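Let me begin by presenting the structure, written as structure tokens, before commenting on it.
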Amino acid sequence: MERVHELLGRMLFMRRFEERVIELFEQEQFEGHYHVYNGQEATALGAMDAVPRDDYMYTTHRNHGHLLARGADPVALMAEILGKANGLVGGRGGSYHAAWPEGNVPVTSALVAGNIPQAAGTALAAKRRGTGQVVVCWFGDGAVEEGAFYETMNLSALWKLPVLYLCENNSVPARYRAMGQYPSSTHAAPALTEVVRPFGIESHAVDGTDYDAVHDLVRQLMERLHRGEGPFFIEARTSRWPGSYGVWPQLTGGRFQIGWVFDPASAPEVVREWTTESDPIVLLARRALERGAIDRQGLEALDREQSTAVDRVVEAALAAPDPRPEDTFRHVLR
Amino acid sequence: MPVKTYAEALCQSLIDTCEAEPNLIFIPAAFGGLSPHAASFRPFYARYADRILGAPIAEIALCGIGVGAAIGGLRPVIDVLSASFLYQGIAQVVNEAANVLYMTDGKTACPVIFHAMQGVLPGEAAQHNRCLSAELWNSPGLEIVLPASPEDAAGLWKTAVASPNPTVFMDHQLLMGLTQDVPDHVDPIPFGQARICREGKDVTVVATLAAVPRALEAAERLAREDGVAVEVVDPRTLVPFDEETVVQSVRKTGRAVVADETIRSCGVAAEIAARIQERCWGVLKAPVKRVTLPDVPIPFSRPQEAVVWLTPEKIAQAVREVLAWR
Ligand SMILES: Cc1ncc(C[n+]2csc(CCOP(=O)(O)OP(=O)(O)O)c2C)c(N)n1
Ligand SMILES: [Mg+2]
């Protein structure tokens with residue numbers, strides 16, 4: 001009971017965080033392209049709760065949820081998104097390149113599949129130096145279309161590198177997620193789990209909206225990686241949040257309402273089906289309600305708490321200082 | 001003559017060329033990128049959906065498929081969206097496409113078009129703001145087209161489609177909304193013909209792509225505030241390069257500034273400045289000045305981004321400096 005309460009709180013925090021990111025963009029507090037993690041919260045939390053802090057993580061253009069789940073300071077992440085001096089990487093990267101070197105998230109490439117060979121290289125370093133570290137490499141289904149992905153799968157299988165390749169397939173409609181199958185318009189393979197098997201890489205599919213399923217699988221694979229097995233590939237299947245359909249994120253249907261958990265029909269049409277079938281927060285909250293692990297009042301109080309916490313994060317980040325123009329040329333080289 | 005945006009003029013040209021060239025295909029097509037003017041290309045998508053192949057994110061294979069398809073008799077346009085993503089496919093562009101004709105002693109032609117948007121956009125940070133025209137210019141065998149006005153976009157596109165050579169056609173997201181009177185039928189504009197965008201006797205500003213409207217803005221301001229007559233010359237294509245028009249202009253004014261969004265060291269402006277210096281030594285009254293991006297990756301934060309951004313103010317400042325030189 002305690003645990004589901006805490007987990008719902010962390011998921012709500014992420015959701016409210018991303019909603020504020022969209023609003024801050026619309027208020028012209030920052031510029032440039034950006035991506036939000038709505039709908040994938042259970043995947044990042046389930047995985048990161050099973051990854052020791054000493055291990056490395058490489059993330060992507062859709063990194064906010066990965067970094068929050070990893071334990072990065074939300075104020076520093078929001079400050080980075082806003083381009084502030086105390087952002088995770090000093091405002092140099094913004095949303096695209098948010099990273100957390102102190103937390104073993106060394107750098108963030110926003111080029112599709114740009115991080116995949118890098119993760120393998122860091123794993124090679126850990127293996128050769130005998131540090132015992134493992135590398136978790138996040139990427140989207142789109143990265144499995146890139147050549148760098150295949151070259152790296154071959155190499156990491158040849159060299160038995162300690163990498164957990166964590167592919168978030170966020171294109172999967174709910175009914176296919178349930179069947180464990182889906183079609184793909186840009187990929188000829190019947191399922192992404194199949195593409196690494198010819199290399200001898202063990203491959204798993206998991207419902208990315210299910211925290212426990214993700215957590216159990218990642219925990220087991222991390223233990224085996226730490227024993228010298230691997231690499232492994234996971235396809236975590238979620239369904240794209242309607243606000244992420246377009247090229248720019250949109251707060252489609254407005255901010256998430258706790259009332260939708262109890263009455264999904266009250267959600268606006270544009271998000272109703274997704275909310276009912278695919279929103280990991282709604283799915284988890286409904287299971288918890290059915291079990292009596294939480295009640296409506298408790299859920300509403302939790303949401304208020306988390307919304308307030310996010311408000312404080314935004315306030316602190318907005319109040320943070322800007323980077324200094326005279327520092328523009330620092331760190332081109334060491 | 002109807003007023004058209006850059007996007008509308010280019011869209012019409014895409015339609016015209018599809019009509020005229022049945023082998024013209026697009027893999028994929030994402031004209032206008034993230035700009036609101038991307039919607040202006042809908043008439044083209046609606047009319048020629050059968051010429052567009054949707055494609056996975058696979059730049060290196062797509063660029064190579066473009067090379068092979070061109071060899072096989074199609075007129076393929078490989079749209080890598082942002083010039084930054086061209087790096088993913090660069091081997092097939094600079095070390096395959098560029099070399100085909102030469103390596104075959106002129107026997108195999110490779111009329112592929114690589115399309116990308118190039119130029120610095122606000123908030124796009126280090127990896128999505130790469131300007132590649134200098135790298136491309138460093139690879140003999142490619143034509144490089146940088147249209148800076150609606151009519152140029154339309155006319156140069158027609159020449160690109162007709163060209164027997166591999167051509168890199170790079171437009172700019174921030175130019176998509178630029179307007180101009182454009183005739184309904186735009187004639188092809190030959191490569192290697194610079195455009196004198198504004199006449200003036202005091203200083204020549206050679207500018208490319210997004211630097212062209214910024215140079216014109218600077219010229220306007222300098223005319224108003226300093227009584228200085230700036231001549232703005234847009235080469236329009238880097239390969240072939242219209243050295244004569246640039247040289248004639250500098251011989252007239254005796255002073256030159258080059259404005260371009262590639263990085264300073266070994267950048268497009270460096271090359272143009274070197275050519276001016278080689279041909280105009282003796283008539284130059286001041287060293288040629290460059291206005292470029294400095295030698296630094298593009299930072300995300302606004303105050304640091306403002307340091308690197310190529311602005312009309314920086315162009316005007318450079319003009320004032322070459323005028324003050326003695
Ligand atoms: C090499 C490269 N090509 C194209 C892009 C443009 N781009 C950014 S995100 C994206 C889609 C990525 O899809 P996926 O990997 O599934 O991640 P998702 O956005 O769904 O999380 C594309 C094509 C890019 N960033 N890098
Ligand atoms: Mg995806």
Which of (1) away from chain A (no Cβ under 14 Å); (2) assigned to a loop (DSSP other than H, G, I, E, B) is the odd one out, the single condition B:ARG214 does not satisfy?
-> (2)
Pairing a residue in the stretch B:267-296 that is under 22 Å from B:GLN317 (Cβ atoms) with any residue that is open to solvent by 70 Å² or more (accessible area, probe 1.4 Å) and not in a helix (DSSP H, G or I), where Cβ atoms lie under 6 Å and the two sit 6 or more apart in sequence or on different chains, gives B:ALA269/B:ARG290; B:ALA273/B:ARG290; B:ALA286/B:TRP325; B:THR292/B:ARG264; B:PRO294/B:ARG264; B:ASP295/B:ARG264; B:VAL296/A:PHE329
Go over the candidates B:VAL205, B:VAL228 one by one and state the one that is at pLDDT 95 or above and in a strand (DSSP E or B).
-> B:VAL205
By residue number, the members of the stretch A:293-320 that are open to solvent by 80 Å² or more (accessible area, probe 1.4 Å) and touching a residue at least 12 places away in the same chain (Cβ under 8 Å) are A:ARG296, A:GLU305
Keeping to the stretch B:63-105, report how many residues are open to solvent by 50 Å² or more (accessible area, probe 1.4 Å) and more than 13 Å from chain A (Cβ to nearest Cβ).
-> 10
Complete set of residues in the stretch A:132-148 that are crowded, with 21+ Cβ neighbours inside 10 Å and more than 14 Å from chain B (Cβ to nearest Cβ) = A:VAL134, A:VAL135, A:VAL136, A:CYS137, A:TRP138
Residue list for the stretch A:154-178, filter: more than 14 Å from ligand 1 (Cβ to nearest atom) and open to solvent by 50 Å² or more (accessible area, probe 1.4 Å) | A:ASN154, A:LEU155, A:LEU158, A:TRP159, A:LYS160, A:ARG175, A:TYR176, A:ALA178
Filter the stretch A:316-327 for residues that are under 30 Å from the mean Cα position of the chain (by Cα) and not in a helix (DSSP H, G or I); which is farthest from A:LEU24 (Cα to Cα)?
-> A:PRO323
Those residues of the stretch A:207-239 which are buried (at least 18 other Cβ atoms within 10 Å of the Cβ) and part of a loop (DSSP other than H, G, I, E, B), in sequence order | A:GLY208, A:THR209, A:ASP210, A:GLY230, A:PRO231, A:THR238
Output the residues belonging to the stretch A:281-334 that are within 14 Å of chain B (Cβ to nearest Cβ) and under 19 Å from A:GLU19 (Cβ atoms).
-> A:ALA317, A:LEU318
Exactly one of (1) open to solvent by less than 10 Å² (accessible area, probe 1.4 Å); (2) hydrophobic (A, V, I, L, M, F, W, C); (3) closer than 20 Å to A:HIS97 by Cα is unmet by A:ALA47. Its number?
-> (3)
Would you call A:GLU151 farther than 27 Å from A:ALA213 by Cα and either surrounded by 23 or more Cβ atoms within 10 Å (Cβ to Cβ) or touching a residue at least 24 places away in the same chain (Cβ under 8 Å) (or both)?
-> yes
Residue satisfying condition, being touching a strand residue (DSSP E or B) at 6+ places or on another chain (Cβ under 8 Å) and either part of a helix (DSSP H, G or I) or at pLDDT below 95 (or both), within set B:ALA9, B:ALA61, B:ALA38 | B:ALA9
Residue list for the stretch A:126-179, filter: among the small types (Gly, Ala, Ser), away from ligand 2 (no atom under 16 Å from the Cβ) and in a strand (DSSP E or B) | none
Condition set surrounded by fewer than 18 Cβ atoms within 10 Å (Cβ to Cβ) and within 14 Å of chain A (Cβ to nearest Cβ), scope the stretch B:45-55, selection farthest from ligand 1 (Cβ to nearest atom): answer is B:LEU53
What number of residues within the stretch B:290-313 satisfy the criterion of being open to solvent by 70 Å² or more (accessible area, probe 1.4 Å) and either part of a helix (DSSP H, G or I) or charged (D, E, K, R) (or both)?
-> 4
A:SER95 vs (1) within 14 Å of chain B (Cβ to nearest Cβ); (2) among the polar types (S, T, N, Q); (3) part of a helix (DSSP H, G or I): all pass except (3)
Give the residues of the stretch B:78-131 that are more than 11 Å from ligand 1 (Cβ to nearest atom) and hydroxyl-bearing (Ser, Thr, Tyr), sorted by residue number.
-> B:TYR102, B:THR104, B:THR108
Any hit, the stretch A:117-131, residues being in contact with a strand residue (DSSP E or B) (Cβ under 8 Å, 6 or more places away or on another chain), within 16 Å of ligand 1 (Cβ to nearest atom) and either modelled with pLDDT of 95 or more or open to solvent by 20 Å² or more (accessible area, probe 1.4 Å) (or both) | yes
Quick one: which of A:HIS61, A:HIS33 is under 26 Å from A:ARG237 (Cβ atoms), part of a loop (DSSP other than H, G, I, E, B) and more than 16 Å from the chain's Cα centre (by Cα)?
-> A:HIS33
Among (1) under 14 Å from A:PHE30 (Cα atoms); (2) under 17 Å from the mean Cα position of the chain (by Cα); (3) assigned to a loop (DSSP other than H, G, I, E, B), where does A:PRO52 come up short?
-> (1)
Those residues of the stretch B:193-243 that are acidic (Asp, Glu) and free of Cβ contacts under 8 Å to residues at least 24 places away in the same chain come to a total of 2
Take the residues in the stretch A:98-113 that are more than 8 Å from chain B (Cβ to nearest Cβ) and not in a helix (DSSP H, G or I), then tell me which one is most open to solvent (accessible area, probe 1.4 Å).
-> A:VAL107
Among the residues of the stretch A:37-55, is there at least one that is of a type in the set (Ser, Thr, Tyr) and within 14 Å of chain B (Cβ to nearest Cβ)?
-> no
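The values are calculated or read from the model by the stated rules, or taken from the named source; none is laboratory data. Since we're looking at a predicted model, the values are computed, not measured. Every residue, glycine as well, gets a Cβ built from its backbone with ideal geometry; the counts of neighbours run over all protein chains shown. Side chains included, ligands, DNA and RNA excluded: accessible areas come from the protein's heavy atoms. Shrake-Rupley method; radii C 1.70, N 1.55, O 1.52, S 1.80 Å.
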